[in-house]
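Undergrad: To start, I am sharing the structure in question, which I have written as structure tokens.
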Amino acid sequence: MSRPQLPLVMPAVPDQRWDCHSCTRCCRELVGDLRDEDRRKIDAENWADRLGVAPYVSVGRKWALNKRDDGACVFLLDDGRCRLHAELGFDAKPFACRVYPFTLTESDGKWLTAWRFDCPSIARSRGRDITVHRKMLNKFRPELPRRVSAGDETVELTRRRPTARGEIDALLDRLNTWLGDDTRSFADRMAGAASLVDTLRAANLSAVREQRFAELIDMLMTDLPAAVDEQSKAPPTSRQQAMFRQLVFAHTEHLTLGEIRSRLTRTTRRFRQLRRSRQFRRGVDRVPPLPGSDAKTTFAEVDRVLPAVDDAGEIVSIAGRFVRTRLLSRYQFGERYYGWPVLDGLGALWMSVAVLGWLARYFAAARRAECVTTPDVVHGLALVDGAIGRSASLGTTGERLRLEFLAREEGIARLLGHWRLVDPMRGTGPTQPTESST
């Protein structure tokens with residue numbers, strides 16, 4: 001007997017739009033993972049002979065679409081179309097290509113949906129309202145892998161303290177209310193969210209459960225505006241800055257398909273990573289080359305970049321939609337984020353926003369620009385979103401310990417206050433999102 005279809009839940013984020021605009025970034029810069037069924041379809045059409053090269057290659061224990069020397073997928077045509085799609089129709093494409101930029105995972109009897117901000121059209125909210133694609137996503141449900149067992153996912157609030165009924169909803173609802181208050185600057189809203197989560201992480205919550213936990217959050221939320229106003233405006237310490245730069249490095253260690261399959265030994269790649277990590281930790285002279293840029297930019301030049309002048313509203317919208325999507329889709333903790341507890345995962349999200357701020361200034365400095373612009377933010381967010389939850393290095397015990405250190409002495413709030421992509425009160429964020437389902 002077949003198992004019943006699960007409902008599909010989308011985070012309803014106001015102002016989020018999307019349609020494919022054939023920029024082909026996903027065909028050039030992402031690794032197209034293949035299922036067994038995808039390979040069978042490709043083999044049935046004899047693509048190896050038609051292309052003159054292998055249509056897919058092994059990547060460890062998995063398989064991925066092959067790339068040309070310029071990094072483009074072997075199926076990408078000169079006019080930007082997919083050859084599989086052009087000749088055989090949409091359904092002939094691998095599942096990962098058809099579903100992008102959406103992600104769907106099973107949790108507590110439903111399919112949780114999110115979208116990827118490494119797609120420029122998602123980041124810039126270009127196209128139709130995101131909800132019009134719900135019908136397309138529903139068609140994918142029969143192809144989605146189900147859990148072996150039907151049990152609910154167990155999520156911890158903190159380590160060795162499982163969540164109780166309603167606690168995640170209570171926390172996320174209050175955070176979204178706070179983050180939707182556009183009477184405060186985006187940096188202050190993020191610093192307040194960090195302060196709330198840090199306070200909860202430091203508390204003994206073993207006996208504070210369910211309704212009492214919600215009451216505790218309400219009490220902290222009442223005092224949060226004053227707490228943010230009273231937060232130290234001191235810059236991060238040199239140690240905090242050094243650890244933060246290493247976090248930037250961890251978000252940008254992207255390997256291309258060619259690098260993954262190269263003859264370089266794991267030891268050689270590890271040596272190069274350690275050398276780059278040391279350069280980021282020191283933070284002097286030139287910034288090591290980052291994906292998408294080989295500019296000879298120094299750390300000092302990055303620090304001198306000024307906030308956006310004309311793009312403030314759009315930049316705040318991009319960052320706000322990114323944070324809300326990660327929260328409402330619950331992709332920032334539990335099985336979808338390295339198995340991390342809720343409060344640890346949220347702390348990592350705040351730091352990813354700080355990393356986005358640094359990367360946007362880097363790409364502005366690489367252009368020799370004085371101020372940040374929207375394309376700099378979109379470029380930086382592509383690296384950030386491509387890493388969080390996907391890069392193994394960000395899920396290590398070392399990264400959890402780094403987060404614990406940065407949470408001390410207002411470290412996360414200080415680094416978020418250093419975001420400064422827009423002037424304090426320029427631009428407004430989107431309204432508070434809600435959740436909808438089919």
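The values are calculated or read from the model by the stated rules, or taken from the named source; none is laboratory data. This structure is a prediction, so every number in the text was calculated from the model and none was measured. A quick note on method: Cβ atoms are made from the backbone with ideal geometry, for glycine too, and the neighbour counts reach across all protein chains shown.
Undergrad: Only one residue in 8, 34 is farther than 30 Å from residue 319 by Cβ and crowded, with 17+ Cβ neighbours inside 10 Å. Which one?
TA: Checking each option against the conditions leaves just 34.
Undergrad: Which one of 82, 73 is in contact with a strand residue (DSSP E or B) (Cβ under 6 Å, 6 or more places away or on another chain) and assigned by TED's automatic domain parsing to the domain that holds residue 42?
TA: Being in contact with a strand residue (DSSP E or B) (Cβ under 6 Å, 6 or more places away or on another chain) and assigned by TED's automatic domain parsing to the domain that holds residue 42 holds for just one of 82, 73, which is 73.
Undergrad: With respect to the numbered conditions (1) over 21 Å from residue 217 (Cα atoms); (2) modelled with pLDDT of 90 or more; (3) surrounded by fewer than 16 Cβ atoms within 10 Å (Cβ to Cβ), which one is the sole condition not fulfilled by residue 162?
TA: (1)
Undergrad: Would you point out which residue out of 191, 226, 203, 207 is in contact with a Gly (Cβ under 6 Å, 6 or more places away or on another chain) and outside the structural domain of residue 405 (by TED's automatic domain parsing)?
TA: 191
Undergrad: Being farther than 18 Å from residue 95 by Cβ and in contact with a Gly (Cβ under 9 Å, 6 or more places away or on another chain) is the filter here; which residues of the range 35-83 pass it?
TA: Across the range 35-83, the qualifying residues are 67, 69, 71.
Undergrad: While we're here: Looking only at the range 336-389, which residues are in contact with a strand residue (DSSP E or B) (Cβ under 6 Å, 6 or more places away or on another chain) and of a type in the set (S, T, N, Q)?
TA: none
Undergrad: A further question on this structure: Residue 185: of a type in the set (Ser, Thr, Tyr), under 25 Å from residue 308 (Cβ atoms), out of contact with any helix residue (DSSP H, G or I) (no Cβ under 8 Å at 6 or more places or on another chain) and at pLDDT 95 or above, yes or no?
TA: So residue 185 fails the test.
Undergrad: I'd like to check something: does the range 316-331 contain any residue that is closer than 21 Å to residue 292 by Cβ, crowded, with 24+ Cβ neighbours inside 10 Å and either among the acidic types (Asp, Glu) or in contact with a His (Cβ under 7 Å, 6 or more places away or on another chain) (or both)?
TA: For the range 316-331, residues closer than 21 Å to residue 292 by Cβ, crowded, with 24+ Cβ neighbours inside 10 Å and either among the acidic types (Asp, Glu) or in contact with a His (Cβ under 7 Å, 6 or more places away or on another chain) (or both): absent.
Undergrad: When only residues in the range 189-227 that are β-branched (Val, Ile, Thr) and free of Cβ contacts under 8 Å to residues at least 60 places away in the same chain count, which is surrounded by the fewest Cβ atoms within 10 Å (Cβ to Cβ)? Outline the logic, then answer.
TA: Just the residues of the range 189-227 that are β-branched (Val, Ile, Thr), to begin with: 197, 199, 208, 217, 222.
Next cut, free of Cβ contacts under 8 Å to residues at least 60 places away in the same chain only: 199, 208, 217, 222.
Details: 199: 17, 208: 19, 217: 20, 222: 10.
My answer is 222.
Undergrad: Assess whether residue 99 counts as being modelled with pLDDT of 95 or more and β-branched (Val, Ile, Thr).
TA: Considered against the rule, which asks whether it is modelled with pLDDT of 95 or more and β-branched (Val, Ile, Thr), residue 99 comes out as yes.
Undergrad: Another question, then. Could you please give the count of residues in the range 392-408 that are more than 15 Å from residue 350 (Cβ to Cβ) and either modelled with pLDDT under 90 or buried (at least 21 other Cβ atoms within 10 Å of the Cβ) (or both)?
TA: Count: 2.
Undergrad: Would you check which residues across the range 341-372 are outside any helix (DSSP H, G or I) and either crowded, with 22+ Cβ neighbours inside 10 Å or out of contact with any helix residue (DSSP H, G or I) (no Cβ under 7 Å at 6 or more places or on another chain) (or both) and list them?
TA: Selection gives 341, 367, 368, 369, 370, 372.
Undergrad: Determine, yes or no, whether residue 335 is surrounded by fewer than 24 Cβ atoms within 10 Å (Cβ to Cβ), assigned by TED's automatic domain parsing to the domain that holds residue 404 and within 22 Å of residue 200 (Cα to Cα).
TA: Yes.
Undergrad: Quick one: in the range 169-199, of everything that is of a type in the set (Asp, Glu) and not in a helix (DSSP H, G or I), which residue is farthest from residue 347 (Cα to Cα)?
TA: Across the range 169-199, the extreme among qualifying residues is 182.
Undergrad: Hey, can you tell me all the residues within the range 302-315 that are surrounded by fewer than 20 Cβ atoms within 10 Å (Cβ to Cβ), within 24 Å of residue 126 (Cα to Cα) and either of a type in the set (D, E, K, R) or at pLDDT 95 or above (or both)?
TA: Within the range 302-315, 310, 314 qualify.
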